[in-house]
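Engineer: The structure that follows is given in the form of structure tokens.
Since every read-out is calculated from the coordinates, none of them should be taken as a lab result. Keep in mind the model is a prediction, meaning the values are calculated, not measured. Cβ placement follows ideal geometry from the backbone for every residue including glycine, while neighbour counts extend to all protein chains displayed.
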Amino acid sequence: MNDVSVNSASIKAQVESVHANLLEDLPDIGRVAVAVYDGRTDTLKTFVHSTRGATPFNHYEAKLAEVPSLAELAETRGERIIGDLHASGNALGRHDRQLLESGYSSSYTKPFFDRGELSGFMFFDSEKGNYFSEAVVRHLTIYSHLISLLIINALASANVLRSAVDVARAISHLRDEETGAHLDRMSRYARMITRTLADQEGLDDEFVEFVFLFAPLHDVGKIAIPDRILLKAGRLTPAEFEIMKTHVAKGVAIVDKMAKSFSIGDSAHIEVLHNIVRYHHESYDGSGYLTGRKGKDIPLEARIVSVADVFDALTTKRPYKEAWSNDDAFRFIDNLTGKKFDPDCVGALLSNRRQIEAIQRQFRYAKGQFEGFHEAYLDDL
Ligand SMILES: [Fe+2]
Ligand SMILES: [Fe+2]
């Protein structure tokens, strides 16, 4: 078996390498795919795949509860073999029908777990009917184990970073601004925008997921801003605002240092985190900070996070303002298209009204808890 080095390549490249290996022994497995599970929202999301032919699912998500066949596998920790998708005909669920239409005839599905919790599902699909004999399934055991380790390891690196930041935040009493509900919502808006742009921008699901995982760290540098400025009730003076702006450079220093100390700095996705922190206050017309980059020179993940972050700030209640309606916030953001915001990202936000409302319903902020972005930030718009 070739050496599969962890963390040096994208997860997709690693899964492709495992797939290439597997094809030497089992040449008729045309597709290997992984979906990851978010237990908080009961959501299953396509994550990586290595596919020889047409790809049946991309940028796709569903509630696990709405896919009973998979929910049952998770519950029983079993595995599922569909010997002949053609023969199953009308009994097929929506997903399996899509698989059939993409040219696959049989499939093998297995859930995987991290410390007892469901992490996701692995799918092996073949163009041949009845391909998954007992011998083939036995042969796949080692591969499915390897793939689950790759995925769990990659997601763990991201989560280690996030927990380190949570701890730092708790210690430094970072106030309301970065509380859970704001981060829950803005990271989901960011994922929604990324997924909407995925086809057009040629983004894979792995990128979508890492934007989601790292978006909440955009303001990590505020840990290093003194309370008298961070917690100031009124408007910041120009001098204070200059200090506030240093949260970007401080954030970059923090994440780069953390990435190094957790020795995950060489993983492909750490770049996404770095870019979100470094460029989230850039403006599309070049009038932002820290670097004054403009247009598409600003990394896409930062352009996305900027829209998601501001939209949530506008639509939530702050010490100095009521929550704006979605319509008002849409209008406000639309007016800044091409000035502060990337037109594509704004378009993706505006086209997802129903999903935005669903996110808002699910992640309401606790009563009496303000989730401001600082008033000075409004000046900065
Ligand atoms: Fe910020
Ligand atoms: Fe924020």
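Engineer: Taking a cut-off of 30 Å between Cα atoms, list the lysines near LYS128, but don't count ones fewer than 8 places away on the same chain.
Structural biologist: LYS12, LYS45, LYS63, LYS110
Engineer: Sticking with this one: Among the GluC sites (Glu not before Pro) in the stretch 271-324, which ones are in a DSSP loop with at most 14 other Cβ atoms within 10 Å of the Cβ? Mind listing them?
Structural biologist: Values: sites: GLU271, GLU282, GLU301, GLU322; in loops: GLU282, GLU322.
The qualifying sites are GLU322.
Engineer: Quick check on the stretch 62-121: what are the equivalent-ellipsoid semi-axes from the Cα gyration tensor, as sqrt(5λ), descending, whole Å? Can you show the working numbers first?
Structural biologist: Details: eigenvalues 104, 28, 19 Å².
After scaling each eigenvalue by five and taking roots: 23, 12, 10 Å.
Engineer: Next question. For the chain, find the longest principal axis of its Cα atoms and tell me its angle to the long axis of helix 300-314, 0 to 90°, nearest 10.
Structural biologist: 60 degrees
Engineer: For helix 205-214, report the angle its Cα long axis makes with the longest principal axis of the Cα atoms of the chain; keep it between 0 and 90° and round to the nearest 10°.
Structural biologist: Relative to the chain, helix 205-214 is tipped by roughly 40 degrees.
Engineer: Report, in cubic angstrom per residue, the convex hull volume of the C-alpha atoms of the chain.
Structural biologist: Details: hull volume 54.3 nm³, N = 381.
Dividing the Cα hull volume of the chain by its residue count gives 142 Å³.
Engineer: Gaussian network model of the chain, Cα springs within a sub-10 Å range: biggest mean-square fluctuation belongs to which of ALA239, ALA54, ALA215?
Structural biologist: Looking only at ALA239, ALA54, ALA215, the biggest GNM fluctuation is shown by ALA239.
Engineer: Out of residues 5 or more away from THR43 or on other chains, whose amide H comes under 5 Å of its own, with H placed 1.01 Å from N in the peptide plane?
Structural biologist: ASP38, LEU64
Engineer: Run the numbers for LYS260 and ALA87: contour at 0.36 nm per residue of separation, minus the present Cα-Cα distance, in nm. Working shown, then result.
Structural biologist: Working: separation 173, 0.36 × 173 = 62.28 nm, distance 5.29 nm.
Length gained between LYS260 and ALA87: 57.0 nm.
Engineer: Over the stretch 298-358, what per residue volume does the convex hull of the Cα atoms give, in whole Å³? Intermediate values should be presented prior to the final figure.
Structural biologist: Values: hull volume 5.4 nm³, N = 61.
Taking only Cα atoms, the stretch 298-358 has a hull volume of 88 Å³ per residue.
Engineer: How high is the relative contact order of the chain? Use alpha-carbon pairs under 8 Å, at least six apart in sequence, and give a whole percent. Walk me through the numbers on the way to the answer.
Structural biologist: Numbers: 565 pairs, mean separation 55.9, N = 381.
15 percent.
Engineer: Among rounded, prolate and oblate, which fits the stretch 11-153 when a ≥ b ≥ c are the square roots of the eigenvalues of its C-alpha gyration tensor, a/c under 1.5 means rounded, and a/b larger than b/c means prolate?
Structural biologist: Cα axes put the stretch 11-153 in the rounded bin.
Engineer: Same structure, new question: Please list the non-local residues whose amide H lies under 5 Å from the amide H of TYR60, H modeled 1.01 Å from N, same-chain partners needing a gap of 5 or more.
Structural biologist: THR46
Engineer: Another question, if that's okay. Counting each DSSP H run of 4 or more residues in the chain as -39500 (n - 2.57), what helix-only mean residue ellipticity at 222 nm follows after dividing by all residues, to the nearest 500 deg cm²/dmol? Mind showing how you got there, number by number?
Structural biologist: Working: 16 runs with 192 residues, N = 381.
Rounded to the nearest 500, it is -15500 deg cm²/dmol.
Engineer: Setting aside same-chain residues fewer than 8 positions from LYS339, which lysines have a Cα under 29 Å from its Cα?
Structural biologist: Those lysines meeting the cut-off are LYS222, LYS232, LYS245, LYS250, LYS294, LYS296, LYS317, LYS321.
Engineer: May I pose another question? Need one number for the stretch 265-309: average projected area of the convex hull over its C-alpha atoms, nm². All intermediate terms of the calculation are to be shown ahead of the outcome.
Structural biologist: On the way: hull surface 12.1 nm².
If you wrap the Cα atoms of the stretch 265-309 in a convex hull and average its projections, you get 3.0 nm².
Engineer: Based on other C-beta atoms within 10 Å, arrange TYR37, TYR143 from fewest to most. Mind showing how you got there, number by number?
Structural biologist: Numbers: TYR37 23, TYR143 20.
Taking fewest neighbouring Cβ atoms as first place, the list is TYR143, TYR37.
Engineer: To continue, here is another question. Once you keep just the Cα pairs under 8 angstrom separated by 6 or more residues, what percentage relative contact order results for the stretch 55-167? Don't skip to the answer; put the middle values down first.
Structural biologist: Working: 109 pairs, mean separation 23.7, N = 113.
Relative contact order for the stretch 55-167 comes out at 21 percent.
Engineer: Then there is this: Among residues other than LEU99 whose Cβ falls under 13 Å from its Cβ, what is the net charge (Lys/Arg +1, Asp/Glu -1)?
Structural biologist: Numbers: positive: ARG31, ARG80, ARG94, ARG97; negative: ASP84, ASP96, GLU101, ASP125, GLU127.
Overall, the nearby charge balance is -1.
Engineer: Cut-off is 10 Å between beta-carbons; in what order do ARG195, ARG138 appear when sorted fewest neighbours first?
Structural biologist: Numbers: ARG195 25, ARG138 9.
Arranged by neighbour count, lowest to highest, ARG195, ARG138 become ARG138, ARG195.
Engineer: Shifting gears a bit: For helix 247-261, report the angle its Cα long axis makes with the longest principal axis of the Cα atoms of the chain; keep it between 0 and 90° and round to the nearest 10°.
Structural biologist: That helix lies at roughly 40 degrees to the long axis.
Engineer: In what sequence do SER287, SER144, SER102 fall when counting other Cβ within 10 Å, fewest first? Show your work: numbers first, answer last.
Structural biologist: Numbers: SER287 12, SER144 20, SER102 17.
Ascending Cβ contact count within 10 Å gives the list SER287, SER102, SER144.
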